[in-house]
Amino acid sequence: MTQSPVKNLDPDYKVADISLADWGRKEVAIAETEMPGLMALREEYKGKNPLKGARIAGCLHMTIQTAVLMETLVELGAEVRWSSCNIFSTQDQAAAAMAAAGIPTFAWKGENEEEFWWCIEQTIFGPNNWRPNMILDDGGDLTQIMHEKYPELLKEVRGLSEETTTGVHRLYEMMKAGSLKVPAINVNDSVTKSKFDNLYGCRESLIDGIKRATDVMIAGKICIVLGYGDVGKGCAQAFRGMGATVWVTEIDPICALQAAMEGYRVVRMDEVADQGDIFVTTTGNIKVITHDHMLKMKDEAIVCNIGHFDSEIDIAALRKYKWENIKPQVDHVIFPDGKKIIVLAEGRLVNLGCATGHPSFVMSASFTNQVMAQIELWKNSKNYKNEVYVLPKKLDEQVARFHLKKIGVNLTTLTGDQAKYISVPVEGPYKPDHYRY
Amino acid sequence: MDNNGKSDKYKGDVHGGAEHAAPYPLSRLAPQIGLIDLAREITQADKVINVRVSAKLQVLVDQIRVLQDEARAVLNAAARDQELHQIPCSFEKKPGKLYHLYRRADASPYFSLLAPAEWGTQPPHQYVDSYTLNGDMSWTASSDGDSKDDTHELVRRLLAFSSTEI
């Protein structure tokens with residue numbers, strides 16, 4: 001057995017302030033009413049404990065919504081240890097509520113790099129030789145440390161589920177390189193995840209982050225969205241909804257054409273850096289906003305990122321200038337000529353750094369996929385090779401079905417004739433796997 | 001009124017006899033009464049007053065010194081507190097909580113929630129000291145030992161007590 005590199009704490013958690021637990025609990029109770037998918041799973045598996053014996057190490061933004069996910073996993077019989085996959089995204093009251101409920105949680109808003117890895121290691125090595133046999137990851141950091149630093153622990157691990165585009169991208173690369181050691185389910189590409197969380201989630205939380213950080217008037221501004229994938233589409237729509245002029249940058253002709261068809265001007269960053277008022281990166285790539293772009297920008301231009309990693313804006317290049325902290329996660333960067341730009345969350349996820357992430361309802365769809373993936377891998381890991389899978393369409397549809405009642409959706413049922421006419425079962429799945437929604 | 005035109009009123013008060021027999025000097029050249037006595041008396045008084053004043057002044061001087069020292073201590077403490085507040089720290093600091101100060105290899109300091117022992121093997125950077133944030137946003141260093149401020153804890157307990165009473 002791998003010797004634990006960490007010292008377990010007593011009590012077995014580390015949060016910013018455990019006295020926030022009561023407040024966190026109240027918010028969790030509200031979130032539960034907005035997360036019908038997770039609550040339906042609790043109801044469906046009541047007393048059946050489908051995750052009994054599962055020891056899940058989780059690494060996902062420690063928010064109120066995640067708390068509902070964690071408690072769902074516990075109600076389904078799993079043992080859970082948790083850390084946050086981003087140093088700024090933890091809601092301290094959520095972490096406190098989880099710690100108080102006896103779930104070992106290692107997360108606080110404003111960790112540094114070393115503390116971040118310490119927190120992850122705490123979720124891998126628990127007291128009494130607790131080691132995970134399941135992984136639930138967002139962004140792939142936990143997956144990476146398990147593969148690179150503690151590969152021998154992966155023998156015990158039956159599978160992992162990955163939440164986001166960036167992590168999934170890493171998984172496919174590992175699969176291609178043959179270095180993936182466990183079966184993985186790509187939760188991100190469930191339709192009820194990427195077409196909801198990434199799109200409708202960002203559509204609400206982007207504006208929330210920018211407003212809480214700056215209170216800037218968005219109407220009338222020129223807002224530049226870099227990347228027009230699911231996230232970019234949501235961001236562009238949000239800005240337009242507020243009355244801004246929206247420009248988009250793209251490298252993919254299909255997405256560029258989509259943006260143009262929606263009425264957005266598709267531009268190049270080099271040409272418009274000096275014209276935009278608000279810039280948001282959604283690409284998942286590196287150095288999309290460069291030092292030279294920022295040098296050209298207007299005074300008081302706002303620069304932020306809503307992609308998973310902080311690599312999209314060249315923050316490192318700005319370090320040589322003077323930084324003036326206005327409030328946590330909001331900084332003025334002052335250029336030698338006196339021009340200032342406002343950088344939000346130091347280029348990390350603005351919706352989680354400056355606001356509280358996506359609303360519960362949309363996260364319920366994502367997390368219901370997560371729980372289904374965990375159950376599937378825990379029970380049937382033998383059916384899977386060390387590759388990346390997506391959940392079957394039937395389950396994807398089930399996730400959507402769980403969420404209809406709450407918002408009063410009245411679904412029409414196919415008649416037998418109709419089902420036969422389009423050759424699908426009456427109860428679904430309704431679309432072929434290649435259907436793009 | 002007698003024949004010399006002197007008023008009865010001054011009888012007894014005013015010497016009516018010969019000048020040389022007057023009980024008080026009448027000439028401006030006459031020596032002062034009890035000059036030596038008076039001088040001694042004054043010297044004595046001066047001394048006493050000086051002693052008293054200097055005693056009082058001494059107290060004041062002492063007090064000034066103490067106040068000066070205290071002012072210096074307050075200013076030093078304020079400067080240190082301010083310095084500690086300016087150390088990079090991205091989490092929200094709360095009164096009553098203990099935070100741990102480390103110094104990176106490039107000498108830049110940072111606050112951490114993790115105590116040296118909690119890191120497991122050893123802290124990633126050099127440990128400096130641990131500080132408790134007090135209710136008035138001042139800091140108490142753990143290395144100060146006895147001076148640890150437990151006001152916050154006391155206030156918390158009193159509040160908890162009073163809320164259960166009500």
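The values are calculated or read from the model by the stated rules, or taken from the named source; none is laboratory data. Bear in mind that the values here come from a model prediction, so they are computed numbers and not experimental data. So basically every Cβ, Gly included, is an ideal-geometry build from the backbone, and we count neighbours across all protein chains shown. All accessible areas refer to the heavy atoms of the entire protein, side chains included, with ligands and DNA or RNA removed. Shrake-Rupley method; radii C 1.70, N 1.55, O 1.52, S 1.80 Å.
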The computed P(r) of region B:40-101 puts the percent of Cα pairs beyond 20 Å at 59
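Could you work out what % of the accessible surface of the protein assembly as shown is carbon and sulfur, using a 1.4 angstrom probe and leaving DNA, RNA and ligands out of the count?
Working: 16830 of 31130 Å².
Exposed carbon and sulfur together represent 54 percent of the surface.
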Which whole number in µm²/s is D for region A:239-375 by Stokes-Einstein, with the Kirkwood Rh taken over Cα pairs at 37 °C and 0.692 mPa s?
200
Could you calculate the FRET efficiency of A:Lys394 with A:Met261 from 1/(1 + (r/R0)^6), where r is the beta carbon distance between them and R0 is 41 Å, rounded to 0.05?
0.80
For region A:338-425, state the average projected area of the convex hull of the C-alpha atoms over all orientations, rounded to one decimal in nm².
11.4
What accessible area, in Å² to the nearest ten, does a 1.4 Å probe give for A:Cys85?
10
Determine, at each q value in 0.25 (inverse angstroms), the log₁₀ of I(q)/I(0) that the Debye formula gives when each Cα of region A:16-83 is one equal point scatterer.
-1.17
How large is the Rg to Rh ratio of region A:1-160 when both quantities use alpha carbon positions and Rh follows Kirkwood?
0.95
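Over region A:215-282, consider all pairs of different Cα atoms and compute the Kirkwood hydrodynamic radius from their mean reciprocal separation; express it in Å, one decimal.
On the way: mean 1/r = 0.0864 Å⁻¹.
Value: 11.6 Å, from the Cα pair sum.
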What does a probe at B:Ala79 reach in region B:97-119, counting residues whose amide N is under 15 Å from the point 7 Å along Cα→Cβ?
none
Convert each backbone phi in region B:121-127 into a coupling constant with the Karplus relation 6.51 cos²θ - 1.76 cosθ + 1.60 (shift: θ = phi - 60°), then list the ³J(HN,Hα) values in order as whole Hz, x for Gly and Pro.
5, 7, x, x, 9, 5, 7
Estimated inter-spin distance, A:Lys298 and A:Gln275, nm [label 7 Å along Cα→Cβ]
1.2
Can you give me the distance in nm between label points at A:Glu152 and A:Thr413, each placed 7 Å from the Cα along the Cα-to-Cβ direction?
5.7
Apply 1/(1 + (r/R0)^6) to the Cβ-Cβ distance of B:Val61 and B:Glu41, taking R0 = 30 Å, and write down the FRET efficiency to the nearest 0.05.
0.55
Rg and Dmax of region A:142-294, using alpha carbons, in Å: what are they?
18.3, 56
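What number do you get for region B:52-140 when its Cα radius of gyration is normalised by 2.2 N^0.38 Å, N = residues?
Details: Rg = 19.2 Å, N = 89, 2.2 N^0.38 = 12.1 Å.
Dividing the Cα Rg of region B:52-140 by 2.2 N^0.38 Å gives 1.59.
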May I ask you to find the residues of region B:106-130 that are shielded by at least 40 Å² of accessible area once the whole protein assembly is considered instead of their isolated chain (probe 1.4 Å)?
B:Leu113, B:Leu114, B:Glu118, B:Trp119
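Calculate the tail of P(r) for region A:133-219: the fraction of all Cα-Cα distances greater than 21 Å, expressed in %. Show your work: numbers first, answer last.
Values: 1570 of 3741 pairs.
That fraction is 42 percent.
Can you pull the Rg over Rh of region A:85-161, Cα-only, Kirkwood?
Values: Rg = 12.7 Å, Rh = 13.2 Å.
We get a ratio of 0.96 for region A:85-161.
Here is the link list: A:Lys195/A:Lys287; A:Lys7/A:Lys382; A:Lys296/A:Lys322; A:Lys149/A:Lys287; A:Lys181/A:Lys379. Which ones come out longer than 22 Å on Cα distance? Can you show the working numbers first?
Values: A:Lys195/A:Lys287 26 Å; A:Lys7/A:Lys382 34 Å; A:Lys296/A:Lys322 17 Å; A:Lys149/A:Lys287 28 Å; A:Lys181/A:Lys379 18 Å.
In this structure, A:Lys195/A:Lys287; A:Lys7/A:Lys382; A:Lys149/A:Lys287 exceed 22 Å between Cα atoms.
Holding the Cα-Cα limit at 18 Å, pick out from A:Lys48/A:Lys393; A:Lys52/A:Lys406; A:Lys394/A:Lys431 the pairs that are longer than that.
Working: A:Lys48/A:Lys393 24 Å; A:Lys52/A:Lys406 29 Å; A:Lys394/A:Lys431 10 Å.
The pairs that break the limit, which is 18 Å between Cα atoms, are A:Lys48/A:Lys393; A:Lys52/A:Lys406.
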Taking H as built 1.01 Å from N, whose amide H comes closer than 5 Å to the amide H of A:Gly110, not counting residues under 5 places away?
A:Phe88, A:Ser89, A:Thr90
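Hey, any idea what Rg/Rh is for region A:383-423, computing Rh the Kirkwood way over Cα pairs? Mind showing how you got there, number by number?
On the way: Rg = 15.1 Å, Rh = 13.1 Å.
In region A:383-423, Rg relative to Rh is 1.15.
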Of A:Phe335, A:Ile422, A:Leu404, which is farthest on the positive side of the dipole of region A:325-437, counting Cα position, with +1 on Lys and Arg Cβ, -1 on Asp and Glu Cβ, and the Cα centre as origin?
A:Leu404
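Suppose we take every Cα in region A:174-241 and form the convex hull; what volume per residue is that in Å³? If you can, show how the numbers build up before the last one.
Details: hull volume 8.4 nm³, N = 68.
Cα convex hull per residue, to the nearest whole number: 123 Å³.
Looking at chain A, do any whole DSSP H helices span at least 15 angstrom along their long axis by alpha carbon and average 0.5 or above on Kyte-Doolittle, and which?
On the way: long enough: A:21-33 (18 Å, -0.52); A:64-75 (17 Å, 1.03); A:113-124 (17 Å, -0.47); A:165-177 (18 Å, -0.35); A:202-214 (18 Å, -0.36); A:230-241 (17 Å, -0.29); A:360-380 (29 Å, 0.20).
Qualifying helices, which must be both long enough and hydrophobic enough, are A:64-75.
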Table column - 3J(HN,Hα) (Hz), region A:272-278, Karplus curve with 6.51, -1.76, 1.60, x for Gly and Pro
10, 4, 8, 10, x, 9, 10
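Once the Cα gyration tensor of region A:296-390 is found, what semi-axes does its equivalent ellipsoid get, as square roots of 5 times the eigenvalues, in whole Å, sorted largest first? Walk me through the numbers before you get to the answer.
Numbers: eigenvalues 333, 47, 17 Å².
Output for region A:296-390: semi-axes of 41, 15, 9 Å.
Take every residue in peptide A:110-118, count the Cβ atoms of other chains within 10 Å of its Cβ, and give the average of those counts. Mind showing how you got there, number by number?
Numbers: counts 7, 5, 13, 1, 9, 8, 0, 1, 8.
Mean shielding by partner chains, rounded to a whole number: 6.
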Of A:Thr33, A:Thr192, ordered by accessible area with the largest first and a 1.4 Å probe, the sequence is A:Thr33, A:Thr192
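How much accessible area per residue does region A:370-413 have, counting only protein heavy atoms and a probe of 1.4 Å, in square angstrom?
For region A:370-413, the per-residue accessible area is 59 Å².
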Tell me, rounded to the nearest percent, the portion of alpha carbon pairs in chain A spaced more than 43 Å apart.
13
Sorted by chain and number, the residues with a modelled amide H under 5 Å from that of A:Ala301, at a separation of 5 or more or across chains, are A:Ile342
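So if R0 is 56 Å, what FRET efficiency would B:Leu154 and A:Ala219 give, r being the distance between their Cβ atoms, rounded to the nearest 0.05? Kindly include the intermediate steps, with their values, before the conclusion.
Numbers: r = 52 Å, r/R0 = 0.92.
Rounded to the nearest 0.05, the efficiency is 0.60.
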Hull volume in cubic angstrom per residue (convex hull over the Cα atoms of region A:332-378)
87
From the phi angles alone, apply the Karplus equation (6.51, -1.76, 1.60; θ = phi - 60°) to region A:55-61 and give each ³J(HN,Hα) in whole Hz, x where the residue is Gly or Pro.
10, 9, 8, x, 9, 7, 2
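Among DSSP bridges having both ends in region A:203-339, what percentage is antiparallel? Round to the nearest 5. All intermediate terms of the calculation are to be shown ahead of the outcome.
Numbers: 5 of 21 bridges.
Roughly 25 percent of the DSSP beta bridges within region A:203-339 come out antiparallel.
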